[in-house]
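The values are calculated or read from the model by the stated rules, or taken from the named source; none is laboratory data. The structure presented is a predicted model; accordingly, all values stated were derived computationally and were not measured. Backbone-built Cβ (ideal geometry, glycine too); neighbour counts: all protein chains shown.
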Amino acid sequence: MIFEKDSRICLCTQFKINKIEEFNKIFRLKWKELHKEHKINKDLDADLRLQHINQLFPFEYTLKINSFSLNKLKENYEQRKKDLEKRYKKSGEENKKEIEKSIALIEKTYEEGKEFFKFSSLMLNIDLRLKDSIEGSKIFEIIEKLPEEPIFNMIEENIDENFEVTLCSYINFNKKLDLMHGYEFNRKLDFPKEINEQLGDAFINMIGLNIVNSPLGIKEMEFGEDDDYKLLNIKIEFSDNKLSNLLEKIKILLDIIKLFIMED
């Protein structure tokens, strides 16, 4: 089963992290070690925002990690309030009332944010985009060797509850393959003549499905074709409590894709 160029698999999730400032310090040390060992040319900024693109694999591999802390929230709040107070001193009475409302709003938002950031959050996104065609089974073999495993292990040690994961695939196949058990696309829709005269000729090239009660967690599917490829898109949602399970879920996704491909 060959996945063609520009096929993508992406995974995103968000966790609650206690003691985010301590976590960020440890994370930076881990990343520094990883950076040195694998010669990854990417440093972290103060707020632990990371986007790492690795071009060494047969696909473009992007890892994004963002953490959000109370300190950053406070810093943004104090700066915005300071700016508004400067404007307030220079404004007439009519504008002052509007500025007072703005100050009250950001104060309310800050108080709500403080409550939320008792449990600071960490967002993780992995995006794999093929630079060339590849045998589907090879993808999992490569994913297992990604250099950021120590980072995932460190994050996992700081997670004490289940988290929701969204896993999506956008796969391109050779047009010679039978997709969805021989379903034919580019079929012209047979509208009444008066509609065709106003609408023009309509052809089916993509079908979208909403899935319910899927044991595999499938939520949405699209299948069809464009000028170059047969297309199969799948969205899966599930709950988990271990980052180490995520790579296995990608393997399951690859197995699901096989269900819809008829090969010789």
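Here P215, P192 are screened, and the one residue that is more than 18 Å from the chain's Cα centre (by Cα) and over 24 Å from M1 (Cβ atoms) is P192.
Within region 152-173, the set of residues being within 18 Å of L259 (Cβ to Cβ) and of a type in the set (S, T, N, Q) comprises S169, N172. For N210, state whether it is among the polar types (S, T, N, Q) and either touching a residue at least 24 places away in the same chain (Cβ under 8 Å) or not assigned by TED's automatic domain parsing to the domain that holds I26 (or both). Judged against the criteria, N210 is not a match.
Against the test of being at pLDDT below 80, in contact with a helix residue (DSSP H, G or I) (Cβ under 8 Å, 6 or more places away or on another chain) and surrounded by 13 or more Cβ atoms within 10 Å (Cβ to Cβ), the options L247, L232, L254 yield a single qualifying residue, L247. Looking across region 191-221, the residues that are more than 30 Å from L259 (Cβ to Cβ) and either surrounded by fewer than 10 Cβ atoms within 10 Å (Cβ to Cβ) or not hydrophobic (A, V, I, L, M, F, W, C) (or both) come down to P192, K193, E194, N196, E197, Q198, G200, D201.
Annotation note: Cβ proximity below 8 Å between a residue of region 14-27 that is at pLDDT 70 or above and a residue that is of a type in the set (D, E, K, R) (sequence gap 6+ or interchain) occurs for Q14/E164; K16/E161.
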